1. Compare the peptides 298-307, 146-155, 85-94, 443-452 by average per-residue count of other Cβ atoms within 10 angstrom and give them in order, highest first.
2. Order these peptides, 108-120, 203-215, 57-69, 228-240, by their mean beta-carbon neighbour count within 10 angstrom, highest first.
3. Computed on alpha carbon atoms, what radius of gyration and Dmax characterise the stretch 293-451, expressed in Å?
4. How much net charge surrounds Lys154 when only the other residues with a Cβ under 14 Å from the Cβ of Lys154 are counted, with Lys and Arg +1 and Asp and Glu -1?
5. Based only on the alpha carbon positions, what is the Kirkwood hydrodynamic radius of the chain, in angstrom?
6. Report the Stokes-Einstein translational diffusion coefficient (µm² s⁻¹, integer) for the stretch 191-242, Rh taken as the Kirkwood radius over Cα pairs, at 25 °C with viscosity 0.890 mPa s.
7. Sort Glu394, Glu102 by Cβ crowding within 10 Å, fewest neighbours at the top.
8. Rounded, prolate or oblate: pick one for the stretch 440-490, where a ≥ b ≥ c are the square roots of the eigenvalues of its C-alpha gyration tensor, a/c under 1.5 means rounded, and failing that, prolate if a/b is larger than b/c, else oblate.
Amino acid sequence: TGFDLVVTNGIVVTASEVLSLGIEIGIKDGQISCLGTSLTRSPHTHIIDAKGGIVTPGGVDSHVHFAQDNSPTGDNFTTGSRSAIAGGTTTVLAFASQLKTEESVLPCIQNYHTRAKDLSYCDYSFHLILTNPTPKIMSEEMPLLIKQGITSVKLYMTYEPMKLGDSQLLDVLMAARALGFTTMVHAENSDIISLITNRLEAKNHTTPYFHAISRPQIAENEATYRIISLAELTDTPILIVHMSSEIAMKHVRKAQTRMLPIHAETCPQYLFLLSERLKGTEQDDFAGAKCVCSPPLRHDPNDLEAMWRGVANGTFSTFSSDHAPSTYDHAGGKKLGVKDGVMRYRNIPNGVPGVETRLPLLFSFAGSKPDSRLGLPRFVQITSSDPAKLYGLEGVKGNIAPGYDADLVIWYPDNHFPGTGLQIEQRNLHHAVDYTPYEGMRVRNWPRITVLRGEVKWDRENGGLKGTAKDGQFIKRSLGRIVVGRTGGEARGMMEGERGFWS
Ligand code: URP
Ligand code: ZN
Ligand code: ZN
Ligand code: ZN
């Protein structure tokens, strides 16, 4: 007996504490078995010397797109998950997408299992994208999926092949209320976007910059308020994904202040990038295509500031990458749609890569440096602990405590990288696409070691990736837990007791 692994000489950080140097982590059978000082070593105990660096739980990236049919030149599970591990993320939640014509979602889930099994470096689970929530799927198949550990769905209010109308959104919310699964929503008003897109096309405004013009904040604002209203009516928790603008975020904050169970997510691109990136460069007219994502990058630096505030003050419960990459310079990739030297933004696959850079980008602004935006526990909470709780991984992922999986990131000590830090470069990343939107940006730190269930899978100074694509396991999830607000209150805007007649 004795520990398989002891991590020593690090500053252990959880969502609630920064523990003092000297607290060691004892690991056995892939799980954390205790924290303490001077843990007993046996002859079989491996030691990791954290060298005065910070130790955080492995990242939980609750929003990635791997091996989806609609991104043929993006990442599959193997390339996406190795990129995750090299950036300190040990668990990803990817999407399994129902086609509108599919009357059962069970084969679809099996299909995505096949795409991931024995092909992932990190642990994974799936959210189901529901594009056609029939009564049979909601009442018969969702309970089965929940038993199989798939406890969340994503709904789209935009994109022609995916979008649901209000009555379908309500059907899913009523089912979520009955069954307890977590409902993620892509909130943009589809008709606003179509109207503008058609008018832009008629005027030949088709370059990538017009992608942002075609999806104004008012489209996000309206859809955000609408889905919050539907959630309030049905008294059901929701999570609004990839929020980009202050005007829409304010609805979330207001709802939370009223103790409604409204959660939200933002992503690195909405903290660091502006729509000017959609304009080409001197060297390449089409380079703006690299930064096409939805919701689009915003025009106003105040929106970046607002998203930072939402990260710091708790409005956002999860900070995910929305890693949805497509190769830039490749047929079928982001240059898709260049004809006769003209690029049509309508044909550019949406989404940016970011699973590997998510943690280092935010970590650069965590701690107590003069320009820090959030404390280290808040960093852990929003990148790991709260996404784990929201999506049913509490007790398994997202914490450094006895009984949890021994998923850890060991960072360098502060000031290990002198001056302005470490430069992000595409050539050092592990995804399968040919660019990063963060090229040349500097970060203060990078995961030195990533540990997955007690084993070192990334060791930056000793050869990099250590694991294989057989390491990752499918993680069966429980029902998610609400981390802000509460249910059970009588929604305002309805007469007292009114809902009692029908709900
Ligand atoms: O632009 C994005 N985010 N594409 C990925 C699909 C989605 O809506 O999350
Ligand atoms: Zn050994
Ligand atoms: Zn989306
Ligand atoms: Zn996405």
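Read-outs: derived from the displayed coordinates by stated rules, not from any lab. Worth saying up front: this structure is predicted, and the values here are computed from it rather than measured. Cβ: placed from backbone, ideal geometry, glycine included. Neighbour counts: every protein chain shown.
1. Values: 298-307: 17.7, 146-155: 20.4, 85-94: 28.9, 443-452: 24.9.
My ranking of the peptides, most packed first, is 85-94, 443-452, 146-155, 298-307.
2. Details: 108-120: 17.6, 203-215: 19.5, 57-69: 26.6, 228-240: 22.2.
Highest to lowest by the protection proxy: 57-69, 228-240, 203-215, 108-120.
3. Radius of gyration, then largest Cα-Cα span, for the stretch 293-451: 17.8, 61 Å.
4. On the way: positive: Lys163; negative: Glu188, Glu265, Asp322.
Combined, the nearby Lys, Arg, Asp and Glu give -2.
5. On the way: mean 1/r = 0.0433 Å⁻¹.
Hydrodynamic radius (Kirkwood, Cα pairs) of the chain is 23.1 Å.
6. Numbers: Rh = 12.6 Å.
D, rounded to a whole number, is 195 µm²/s.
7. Numbers: Glu394 20, Glu102 16.
Lowest count first: Glu102, Glu394.
8. Values: a/c = 4.11, a/b = 1.76, b/c = 2.34.
Oblate.
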